[in-house]
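> Dumping the structure here so I can ask a few things about it.
No lab work stands behind these numbers, since they all come straight from the coordinates. The shown structure was predicted, so the numbers you read here are calculated from the model rather than taken from an experiment. Here the Cβ is made from the backbone with ideal geometry for all residues, glycine too, and neighbour counts use every protein chain on show.
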Amino acid sequence: MRIGQGEDIHRVDEGRALVLGGVIIEEGPGLAGHSDADVLIHAITDAVLGALALGDIGQHFAPTDPRFAGADSADFLRAAMKMARAAGWELVNLDATVRAERPKLAPYIPHIRQRLAEIAGVDPGAVSVKAKTAEGLGAVGRGEAMAATAAVLLAPAG
Ligand code: MG
């Protein structure tokens, strides 16, 4: 089996739409970034690439590459999962945590899990997403940023 971990952080940008786990969260605030700035998908994609020992998201989808301006980050996760399958691995489970002071994410978690499962091509039961605040501490706690961490387990495809 292979284990992978990923993390990411993005600055809050009130002028952009908030996209987390492939779900548009209307109440925002949004996040700054070259792509759609989906901090959760970026952390998960890095975890998958890490499990494969294939570098990181920036190497595969460079933030300087104009092709990825405003990109749907779901495409990054789909591509990483394609690499995993091509190498003979399947996703056993993923577990992720998003840190945001606002909005309150609990009501969105079921939809985010469903959407991530669709994107990754796995059962929603294999996808865990947790949301926490930063208790007012640091950049996340001041509402200046949102962060995410993720862990994935891959096993030989059966
Ligand atoms: Mg990112």
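> Debye sum, Cα scatterers, region 36-82, no solvent: what log₁₀ I/I(0) at q = 0.32 1/Å?
Debye intensities relative to I(0), on a log10 scale: -1.34.
> Got the relative contact order for the chain handy, in percent, Cα pairs under 8 Å and 6 or more residues apart?
33
> Name the shape class, rounded, prolate or oblate, that the alpha-carbon gyration tensor gives for region 112-152, where a ≥ b ≥ c are the square roots of its eigenvalues, rounded holds for a/c under 1.5, and otherwise prolate holds if a/b is larger than b/c and oblate otherwise.
prolate
> Follow-up question, since we're still on this one. Hey, how many Å between the Cα centroid of region 1-27 and the Cα centroid of region 69-131?
Region 1-27 and region 69-131 have Cα centres separated by 10 Å.
> Report, to the nearest 10°, how far helix 39-51 tilts away from the longest principal axis of the Cα atoms in the chain, using its own Cα long axis and a range of 0 to 90°.
Taking Cα atoms only, the helix is inclined about 30 degrees.
> Report the charge-dipole magnitude of region 76-158 in Debye, nearest 20, computed about the Cα centre from +1 at each Lys and Arg Cβ and -1 at each Asp and Glu Cβ.
The dipole magnitude comes to about 160 debye.
> To the nearest 20 debye, what charge dipole does region 1-97 have about its Cα centre, counting +1 at the Cβ of each Lys and Arg and -1 at the Cβ of each Asp and Glu? Write down the numbers at each step before the final one.
Details: 7 positive and 15 negative charges, 90 e Å.
The calculation lands at about 440 debye.
> Could you tell me whether region 67-124 comes out rounded, prolate or oblate from its Cα gyration tensor? Rule is a ≥ b ≥ c as square roots of the eigenvalues, rounded for a/c under 1.5, then prolate if a/b exceeds b/c, otherwise oblate.
Numbers: a/c = 2.46, a/b = 1.42, b/c = 1.73.
Oblate, since a/c reaches 1.5 and b/c is not below a/b.
> A follow-up question, please. Positive end of the charge dipole of the chain (Lys, Arg +1 and Asp, Glu -1 on Cβ, about the Cα centre): tell me which of Pro63, Leu18, Ala43 has its Cα farthest that way.
Ala43
> Ok, one more. Restricting everything to alpha-carbon atoms, can you work out Rg to Rh for region 54-157 with a Kirkwood hydrodynamic radius?
Ratio value, two decimals: 1.00.
> Something else about it: Let me know the shape class of region 1-129, please: from the alpha-carbon gyration tensor, a ≥ b ≥ c as square roots of the eigenvalues, rounded when a/c is under 1.5, otherwise prolate if a/b is greater than b/c, or oblate.
Verdict is oblate for region 1-129.
> Which residue, Arg142, Arg11, Arg113, has the most motion in a Gaussian network model of the chain that connects Cα atoms within less than 10 Å?
Highest fluctuation among the options: Arg142.
> Something else now. Short version: ³J(HN,Hα) in whole Hz for each residue of region 27-35, in order, from phi by Karplus 6.51 cos²θ - 1.76 cosθ + 1.60 (θ = phi - 60°), x for Gly and Pro, what are they?
These are the phi-based 3J(HN,Hα) values: 6, x, x, x, 10, 7, x, 6, 8 Hz.
> If you take every DSSP beta bridge whose two residues both sit in region 1-143, what share of them, in percent to the nearest 5, is antiparallel? Mind showing how you got there, number by number?
Numbers: 5 of 11 bridges.
Counting only bridges with both partners in region 1-143, antiparallel ones make up about 45 percent.
> Which residue fluctuates the most in the chain, going by a Gaussian network model with Cα springs under 10 Å, if the choices are Arg85, Arg67, Arg102?
Arg67
> Under 8 Å for C-alpha pairs, at least 6 residues apart: give me the relative contact order for region 1-71, rounded to a whole percent.
Dividing the mean separation by the residue count of region 1-71 yields 35 percent.
> Another question about this same structure. How far is helix 109-120 tilted, in degrees, relative to the longest principal axis of the Cα atoms in the chain, given as a value from 0 to 90 rounded to the nearest 10?
That helix lies at roughly 40 degrees to the long axis.
> Counting only helical runs of four or more DSSP H residues, what would the 222 nm mean residue ellipticity of the chain come to if each run contributes -39,500 (n - 2.57) and the total is spread over all its residues? Write out the running numbers ahead of the final one.
Details: 5 runs with 46 residues, N = 158.
My calculation for the chain gives -8500 deg cm²/dmol from helical runs alone.
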